[in-house]
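A short worksheet on the structure shown next.
The values are calculated or read from the model by the stated rules, or taken from the named source; none is laboratory data. None of these values were measured; they are calculated from a predicted model. Every residue, glycine as well, gets a Cβ built from its backbone with ideal geometry; the counts of neighbours run over all protein chains shown.
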Amino acid sequence: MGAGLPAPTRQFDNKKETTMLRIQRLTAILLMTSAPFAASIAQPTTLVPAEPESVGVSSARLRLLDTMLRQHVDDGRVAGLVAGVARHGKIVYLESMGWQDIEAGSAMRDDSIFQIRSMTKPITSLAVMQLVEAGRIGLDDPVSKYIPSFADMQVFVNPQDPDNSPTRAPSREPTIEDLLLNIGGLSHRDRELYMSRQVRSRSEPLDVLVEKIADVPLMGDPGAQWIYSESASVLGRVIEVVTGQKFDAYLDEHVLGPLRMPDTAFHVPADKVDRLARIYQVPRDEGALTQVPDMDVPITTNPPLLEGSAGMVSTVPDYLRFLQTFLDGGTLDGERVLSAPLIAEMTKNHIPEALLPIGLSPQSPMLDRGWGYGFTVVIDEAKSEFGVNNGEFGWNGSLGTFSWADPETDTVAILMLQIAPSGAYSLSGKFKALVYQSLLN
């Protein structure tokens, strides 16, 4: 690998590391992540480490999972990673391996910080649903109620050739629910339509981004098709308009603080930079991984753009807490952030049959999945991977972060690495299969 350093090793093996020592190590990580809130809130009782068999998970199968992950690191396919698995609210696997920064010789840690990109979307969606619950936002509200420029949006007659296409009025305005479901007709920040018009710049604040989005015609009538899009960033601006708070301040007060997710943010402060995992590029040949710049995301400073679609960083322990909240009906360690009925609405499919299958591109349909409010949701387990159940929900990030939760087995799993382009989908599939195979009941 890059610096010719051997990968750090700490094998997951109950025979080599006693259960008590392992629980002490994991507990120390969890207590550190809870420290900013310890003065006012009791120590966490959910997501504490436990012996795998005590919650119906096979230690032997987890060792197979661990071996598979370490092989990817040892073979130089990824620089390093962190993976976590929890069942029935107890952590049965939390392991780090490889390097945060090969060149600096900085080993990966259980609380390493990763750019989670599109795994920001579920966090934004939860914040929106809090305001729906409070009666401050309506799912059927037109977006123009909060951002007036959305009332004047047009639609491309020929979205395949937008530069030469005439426009027309849409059949209706996009609504808040349309944006939650990616059926509002917006495009994606990385697609040519927005890139050629310089819609997104990290040097410009959220309100500027949203006004630029409103100035570009829609790709289709709202409600007519599923298009993976910049919708969650628009929702972040709606939150600002409704609450009068900056988007990050609202999240800190109402989501990240109550759930004790201290390392989830839009930037990495100076006292945490030593925990930041660097991005590595996958070589086309058999060469070494090479570090790449932070890809236009100034995450070590306070970025002007607080992007609800893709702007946050997080850790495996933090995101385990986030997804566990959904399995626990909106409450974690006594802190309720959303009612159980609205949690259920977020994690069920809302895409009508006529718009299925959805997919990031026509060439890559997700035949087994629909979309909830911020998550994909498995709706046809027969078309999914081994062991996957209907109702499983989650989402991924474009730099190699993966997350899912399964209500049927009460299991949460997170895998985080940093690689560009994100060629880790085969690794995530193997990870998921081995997690499911480790369940004893």
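What pairs can you find where one residue is in region 384-411 and closer than 21 Å to Ser58 by Cα, the other is aliphatic (A, V, I, L, M) and assigned to a loop (DSSP other than H, G, I, E, B), and their Cβ atoms are less than 9 Å apart, with a gap of 6+ or different chains?
Ser403/Ile116; Trp404/Val388; Asp406/Val388
Within region 356-393, how many residues are outside any strand (DSSP E or B), touching a Leu at 6+ places or on another chain (Cβ under 9 Å) and among the hydrophobic types (A, V, I, L, M, F, W, C)?
Result for region 356-393: 3.
Whether any residue in region 418-432 is touching an Asp or Glu at 6+ places or on another chain (Cβ under 9 Å), part of a helix (DSSP H, G or I) and small (Gly, Ala, Ser) is what I want to check.
Yes, region 418-432 contains a residue that is touching an Asp or Glu at 6+ places or on another chain (Cβ under 9 Å), part of a helix (DSSP H, G or I) and small (Gly, Ala, Ser).
Based on this model, can you work out whether Glu353 counts as surrounded by fewer than 16 Cβ atoms within 10 Å (Cβ to Cβ), at pLDDT 95 or above and farther than 23 Å from Val92 by Cβ?
Considered against the rule, which asks whether it is surrounded by fewer than 16 Cβ atoms within 10 Å (Cβ to Cβ), at pLDDT 95 or above and farther than 23 Å from Val92 by Cβ, Glu353 comes out as yes.
In this structure, is Glu381 among the acidic types (Asp, Glu) and touching a Gly at 6+ places or on another chain (Cβ under 9 Å)?
Yes.
State whether the residues of region 309-328 include one that is touching a strand residue (DSSP E or B) at 6+ places or on another chain (Cβ under 9 Å) and without any contact (Cβ under 8 Å) to a residue 40 or more places away in the chain.
No, region 309-328 has no match at all.
Here is a check on your reading of the model: is Ala232 more than 19 Å from the chain's Cα centre (by Cα), surrounded by 16 or more Cβ atoms within 10 Å (Cβ to Cβ) and in the same structural domain as Pro166 (by TED's automatic domain parsing)?
Considered against the rule, which asks whether it is more than 19 Å from the chain's Cα centre (by Cα), surrounded by 16 or more Cβ atoms within 10 Å (Cβ to Cβ) and in the same structural domain as Pro166 (by TED's automatic domain parsing), Ala232 comes out as no.
With region 194-284 as the region, which helices (runs of 4 or more DSSP H) entirely inside it contain at least 1 residues that are hydroxyl-bearing (Ser, Thr, Tyr)?
Working: elements: 206-214, 231-243, 247-251.
Counting at least 1 such residues, we get 231-243, 247-251.
In contact with a Phe, Trp or Tyr (Cβ under 9 Å, 6 or more places away or on another chain), closer than 30 Å to Met416 by Cβ and either modelled with pLDDT under 95 or in a strand (DSSP E or B) (or both), is that true of Val85?
yes
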